[in-house]
Amino acid sequence: MLEAAGSYFDGTSAAKHKVQVRLDEEKGTLTFDGESLRTAEHWRLEDLRLLADQPGGGWLTFTRNIDGEDETLSHEARLSVRDGVMNARLREAAPLLHKRDLHQGVALRVLKWVSGAVAAVALMLFVILPAMADTLARLMPLEREQQFGRAVVKQITWFLTQSTEADITCTNEAGLAALDKMTARLTAKMDMAYELNIQVFDQPMVNAFAAPGGQIVLMRGLIDEADSAEAVAGVLAHEIGHVEHRDSTRNALRAAGSAGLVSMVLGDFSGGALAVVLAEQMLETSYTRQAEGAADDYALEALGKAEVSGSGFASFFEYLLKLQGDMPDLPVYFLSHPPSQARADKAHAFADAQAATTPVLSEADWAALQAVCD
Amino acid sequence: MSTSNDIQGQYRGTRGELFHLAIVTTMLTIITLGIYRFWAKTRIRKYIWSSVSGDGDAFEYTGTGLEKFLGFLVAIVVLAIYLGIIQMVLFFFGLSFVAEPTTPAEMVMMVSVLYINLLAILPLVFYAVYRARRYKMARTRWRGVRFGMEQGAWGYALRASGYTILMIVSLGLMAPLANFKLEKYMMDRSWYGDAQFEQHGKWTALYGAMKHIFIGAIILVVIAGIGGALQIEGVMIAGVFVGYIWLMVGGLYYRVHAMRYFAANRTLGEHISFTAEPRTGEVLKLVVIGGLIIGAITFAILMVGGLAITGVVSSLADSQNFGAMAFISVIVAVLYLVLLALIGALTLVFITQPLISHFVTTYTVHGKDALAEISQRAGEVGVDAEGFADALDVGGAF
């Protein structure tokens, strides 16, 4: 029978009992007694548990499993054994040394709370915050929205040029006049809530965006790549749709509410920041899809009323779809405006059903617009 | 001054074991998209707690990852609603200021809107701090007997918010009052078994520990000020440099000596008292050496890894092999996560653990005979397992 010295704490007081521990493998018991202990203790080996994640050297602390309401499901008593031979023997002789005991019904509780938390977060992210963002976007005074929009455009300029001084707007007067003509044609029969402020940035990327308060920016690359004035008109009408629907204001409000939430759920584990960005991006896309569809509808309505052919818009989608094949050189436009065959088909169907159309710009005006950044 | 009736703190954790544990748990955290982090923290705590011992008897951490996870879920439900709405409304009202600050007054407005955002969370953070400490106390045992802490998180949040405002308004001069009162608030509610802790002493006594902060501030203001006024750049830079360093070390000195004062004026029951003798120089040495080791290892890995990746990428760049390029970016992203995990583990091993070891081994408990009279206290099942602290990211690596 193996014997070793140990310390025993009975779980009712902080007094230490020096004990002599005996391991009886045949009976499957661990017995120990000491001067300060009134009666000897007998622990069954299958009840013996080793406290998790202890340092390996020196002594080990054991406890005894019981069916109780204690937070650990173990008896409050502890036994520390400092004898290496005994500890090594116990590791082999005690069958359930590393078993993690769980309260009954734990799985159900976990399930309940996981689904509760998921439901609460989903409700916030997909119902309450978007609804609030919608209301607040409507409540926002026009002047404040315009101010915010100008700040956004300024930030994007800064981001593109890495300089606060740079001015990258294109200023060719004939080109801007042509752009004005196009805008006037598109908005003449639409009910406009916003005064538009449309600029062209001298940037090679194929992109366009709408900022809050009527700010629209077209990038030079978009005009360069467009095969007709109608394609530019389609994109412009689409962006006007975003403006009229207050999409970017709503998006900014929603992002303000959900950013903290998302980072809270994902926590600060290593690389957490990366995950937060990705999650926020995915969330964004799911809202965007809806907003994009609505802006497309608006664009087609505007093109229809202005009697401008929708086939240019459709061909632009096909241009983007073709680019999608050549992965690496992805235009930025693709990220915020995911093209799809469905959207292209819709524009095609619309174009086919259109009655008489007239060119949106004269040959000369289209040439001027193409030279707006020269 | 050590007598047979004293207990000197001991620490027996090793670098190898802790590093292994930290790496394994962080990897599991990454693989599970962060869900394992509750179990990871718990396991690190179990290791560190059981490495701390007094009189040859180890501490024990009885918390579980599962209850932390559940506590976090509870907190999420509450915070999802609170944070989402608060942040959006503040953003809405903040927009008019944030948009285009053109005058200094508008800049001030913009900054204050950002801080109001923080202030909305601050009481919750203090609430979470108290709850976290209470949870840790309730899940700590020594000689089989539980520690514990009474409820009082809202009282703490209220006081801590007030003292924080006072501290800001007084430019830090009232820090001793805030530190002392808050420490006393927590300590007076703490128990070991059926024996209660009590914090004695006076808050004004902490001003002695602040002396180096004052010296640093004086150097910063006076010397740099003189240099600036006389337009002597060398004097100004030297003043800022020396003053800043002095201020930093002075802050450390304050915290170390506040620890000493708190321990010296702390009692447990009627017969047990404490002495803590951490040294500023030792703490500084541990942090600096640990930082240098971590920096050197990280730098070496970045150099080797960077060279290897650059080599592979440049050999692929001409081949237009986009599949391989995508594969490489995934590898780089994974390596980035692994590097972050490694830095976290190294910090734990080379800074956190040595510091804990220093604080524990310089801590003495007087009157150990009285410990035999202390009886067990009932366990607490209903604690929220610091879910709020986890959700708000309060507290460090473990």
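The values are calculated or read from the model by the stated rules, or taken from the named source; none is laboratory data. Keep in mind it's a predicted model, so treat the numbers as computed, not measured. With ideal geometry, Cβ positions are generated from the backbone for all residues, glycine too; neighbour counts draw on all protein chains shown. Accessible surface is based on the protein model in full, side chains and every heavy atom, while ligands, DNA and RNA are left aside. Shrake-Rupley method; radii C 1.70, N 1.55, O 1.52, S 1.80 Å.
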Scanning the range A:30-71 residue by residue, those open to solvent by less than 20 Å² (accessible area, probe 1.4 Å), in a strand (DSSP E or B) and touching a residue at least 24 places away in the same chain (Cβ under 8 Å) turn out to be A:Leu30, A:Phe32, A:Trp43, A:Leu48, A:Arg49, A:Leu50, A:Leu60, A:Phe62
- Determine whether B:Val52 is closer than 21 Å to A:Val262 by Cα and of a type outside the set (Gly, Ala, Ser). no
Checked pairs for the range A:312-323, first touching a residue at least 12 places away in the same chain (Cβ under 8 Å), second crowded, with 17+ Cβ neighbours inside 10 Å and aromatic (Phe, Trp, Tyr), C-beta under 8 Å and 6 or more apart or across chains, list as A:Ala314/A:Phe350; A:Leu320/A:Tyr333
Subset of the range A:141-156, residues touching a residue at least 40 places away in the same chain (Cβ under 8 Å) and more than 7 Å from chain B (Cβ to nearest Cβ), comes to A:Leu142, A:Glu145, A:Gln146, A:Gly149, A:Val152, A:Val153, A:Ile156
Considering residues that are closer than 22 Å to B:Gly63 by Cβ, more than 8 Å from chain B (Cβ to nearest Cβ) and of a type outside the set (Asp, Glu), the number found within the range A:94-133 is 12
A careful count of residues in the range B:298-319 that are under 31 Å from the mean Cα position of the chain (by Cα) and either in contact (Cβ under 8 Å) with a residue 60 or more places away in the chain or open to solvent by 60 Å² or more (accessible area, probe 1.4 Å) (or both) gives 4
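Among the candidates B:Val242, B:Val287, B:Val222, single out the residue that is loosely packed, with under 14 Cβ neighbours inside 10 Å and not in a strand (DSSP E or B). Lay out the reasoning, then the answer.
On the way: B:Val242 fails: loosely packed, with under 14 Cβ neighbours inside 10 Å; B:Val287 fails: loosely packed, with under 14 Cβ neighbours inside 10 Å.
Criteria check complete, one pass: B:Val222.
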In the set B:Arg141, B:Arg146, the lone residue that is among the charged types (D, E, K, R), touching a Gly at 6+ places or on another chain (Cβ under 7 Å) and not in a helix (DSSP H, G or I) is B:Arg146
Considering the range B:1-40, residues that are under 22 Å from the mean Cα position of the chain (by Cα) and polar (S, T, N, Q), and then whichever is most open to solvent (accessible area, probe 1.4 Å), we arrive at B:Gln10
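Residue-wise test of (1) surrounded by 24 or more Cβ atoms within 10 Å (Cβ to Cβ); (2) over 27 Å from the mean Cα position of the chain (by Cα); (3) of a type outside the set (Lys, Arg).
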{"site": "A:Met192", "(1), (2), (3)": "no, yes, yes"}
{"site": "A:Asp202", "(1), (2), (3)": "no, yes, yes"}
{"site": "A:Pro212", "(1), (2), (3)": "yes, no, yes"}
{"site": "A:Gly234", "(1), (2), (3)": "yes, yes, yes"}
{"site": "A:Thr249", "(1), (2), (3)": "yes, no, yes"}
Picking from B:Ile245, B:Ile213, B:Ile226, the residue that is over 25 Å from the mean Cα position of the chain (by Cα) and on the phi < 0 side of the Ramachandran plot would be B:Ile226
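Against the definition (at pLDDT 85 or above, open to solvent by less than 10 Å² (accessible area, probe 1.4 Å) and either part of a helix (DSSP H, G or I) or aromatic (Phe, Trp, Tyr) (or both)), how does B:Ala128 come out, yes or no? Working first, answer last.
Working: at pLDDT 85 or above: yes; open to solvent by less than 10 Å² (accessible area, probe 1.4 Å): yes; either part of a helix (DSSP H, G or I) or aromatic (Phe, Trp, Tyr) (or both): yes.
Criteria met by B:Ala128.
A:Ala137: more than 8 Å from chain B (Cβ to nearest Cβ), among the small types (Gly, Ala, Ser), more than 21 Å from A:Asp202 (Cβ to Cβ) and without any contact (Cβ under 8 Å) to a residue 60 or more places away in the chain, yes or no? Spell out how you get there, then give the answer.
Numbers: more than 8 Å from chain B (Cβ to nearest Cβ): yes; among the small types (Gly, Ala, Ser): yes; more than 21 Å from A:Asp202 (Cβ to Cβ): yes; without any contact (Cβ under 8 Å) to a residue 60 or more places away in the chain: no.
Considered against the rule, which asks whether it is more than 8 Å from chain B (Cβ to nearest Cβ), among the small types (Gly, Ala, Ser), more than 21 Å from A:Asp202 (Cβ to Cβ) and without any contact (Cβ under 8 Å) to a residue 60 or more places away in the chain, A:Ala137 comes out as no.
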